[in-house]
1. For the chain, what does the relative contact order come out to in percent, with C-alpha contacts under 8 Å and a separation of six or more?
2. Between residue 18 and residue 202, what's the calculated FRET efficiency when r is the beta-carbon distance and R0 is 41 Å? Round to 0.05.
3. Taking the DSSP beta bridges in the chain as the whole, what percent of them are antiparallel, to the nearest 5?
4. Given the DSSP H assignment, sum -39500 (n - 2.57) over each helix run of at least 4 residues in the chain and divide by its residue total; what's the result at 222 nm in deg cm²/dmol, nearest 500?
5. For Cα pairs less than 8 Å apart in space and 6+ apart in sequence, what is the mean separation divided by the residue count of the range 39-84, i.e. the relative contact order in percent?
6. What is the fewest-to-most order of 39, 108, 73 by other Cβ atoms lying within 10 Å of their Cβ?
7. Multiply the residue gap between residue 186 and residue 73 by 0.36 nm, knock off their C-alpha separation, and tell me the result in nm, one decimal place.
8. Order 44-57, 143-156 from most to least packed using the mean count of other Cβ atoms within 10 Å.
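Every read-out reported here was derived from the displayed coordinates using simple, explicitly stated rules and does not represent laboratory data. Nothing here was measured: the structure is a model prediction, and the numbers come from that model. Positions of Cβ are generated from backbone atoms using ideal geometry, with glycine treated the same way; all protein chains shown enter the neighbour counts.
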Ligand code: CA
């Protein structure tokens with residue numbers, strides 16, 4: 001089913017860019033390719049895509065991290081980063097860029113398209129119009145508001161990335177249960193997620209860093225995590 005949704009692919013490797021563009025087009029997206037950060041940002045301005053696929057290693061003054069930062073702060077566009085090495089992901093997450101997903105090269109274009117679909121599905125259900133009003137859960141000093149997608153600590157909003165929030169909301173929905181990393185991956189990232197279970201640990205680490213001791217999240221040895 002073709003859609004009108006546009007994707008801007010910002011990648012200087014023409015072979016990868018073409019391949020990604022081809023698969024996205026086959027999946028019904030309108031695709032615009034840019035070879036560097038500046039023209040990529042200009043394309044996003046012009047095309048107003050639902051998604052930007054951004055390679056981290058870009059030539060010119062703006063690398064992929066700069067581009068991601070600008071796109072995320074501008075809001076309204078989902079971002080998938082292409083990374084050259086798996087160990088870059090920790091570093092990227094440490095920078096709290098707020099990208100929606102990460103794909104490590106080499107990747108299959110099919111996988112990227114699946115990720116793109118998953119990111120857009122999540123973005124679409126981020127604020128369902130008919131969600132009930134009673135959506136605030138209190139965990140000690142923390143309030144998790146799933147309707148406004150907001151986490152407050154002593155009343156102050158704690159900035160979380162989309163995925164960090166989804167993970168916390170999932171834990172909240174399953175308070176008191178020990179959840180395996182696999183369960184968390186399936187529940188938060190979706191069954192079409194191809195990453196490994198370490199991804200969960202990385203995001204938990206971010207949540208703990210941002211919420212500190214206020215977060216009553218226990219590591220259940222040999223299993224995963226339990227909230228409350
Ligand atoms: Ca590159």
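1. On the way: 363 pairs, mean separation 30.3, N = 228.
The normalised contact order for the chain reaches 13 percent.
2. Details: r = 31 Å, r/R0 = 0.76.
Computed FRET efficiency for residue 18 and residue 202 comes out at 0.85.
3. Values: 17 of 35 bridges.
Close to 50 percent.
4. Values: 8 runs with 88 residues, N = 228.
That comes out to -11500 deg cm²/dmol.
5. On the way: 50 pairs, mean separation 20.6, N = 46.
So the answer I get is 45 percent.
6. On the way: 39 16, 108 12, 73 9.
Exposure proxy ranking, most exposed first: 73, 108, 39.
7. Numbers: separation 113, 0.36 × 113 = 40.68 nm, distance 2.82 nm.
So the chain would gain 37.9 nm between residue 186 and residue 73.
8. Numbers: 44-57: 20.7, 143-156: 15.1.
Peptide ranking by packing, descending: 44-57, 143-156.
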